[in-house]
Amino acid sequence: MPDLHYMELNLMQIFDVLRKAELTRLAVTLEDQPYLVPLHYQLEVSQGETLIHIVIPNQGHLADILQVSGLVCLEMELAGCAWLDTVILEGLARVHPHEELEVLGVSILVTEMTGRRFFQPTS
């Protein structure tokens, strides 16, 4: 099996992934139990802050966890022909109930971000 190599992404490349990726995987934990959910998201960059917005049902395991713990981790991917860019974000979630729609709006303030491009080297 060929070796897989990687290089760190710079901030511009990380934001390129955030703008182009269509899904995120949101990871949370409660009482040492992990929970991972794929979601669509919206990116907002304003006044030097990076926010990720998601909408979830107002009932269920994820809603219960976010009401207790706001610490989250997100992962986004963008694939090319010979590479895969992966971005990992850490942040703090704030929940905004929308009673009439029976959903929760969630705004995640990104506190840490990192990214890598994985590829197989050419001979």
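Here, each number is a calculation from the coordinates, and none is a lab measurement. Predicted, not measured: the structure shown is a model, and the values here were computed from it. Backbone-built Cβ (ideal geometry, glycine too); neighbour counts: all protein chains shown.
Table for the structure above
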item: Degrees between helix 11-20 axis and first principal axis of the chain (Cα, 0 to 90, nearest 10); result: 60 degrees
item: Gaussian network model of the chain, springs between alpha carbon atoms under 10 Å - residue of 107, 69, 46 with greatest fluctuation; result: 46
item: Pairwise label distance in nanometres, residue 98 with residue 42, each label 7 Å out on the Cα-Cβ vector; result: 0.8 nm
item: Net +/- balance of residues flanking residue 115 in space, Cβ distance below 11 Å, scoring K and R +1, D and E -1; result: -3
item: Charge tally in the Cβ shell below 14 Å around residue 88, where Lys, Arg are +1 and Asp, Glu are -1, residue 88 excluded; result: -3
item: Pair-distance profile P(r), taking every C-alpha pair of segment 1-104, with 5 angstrom steps and integer %; result: 2, 10, 21, 21, 17, 13, 9, 4, 2, 1, 0
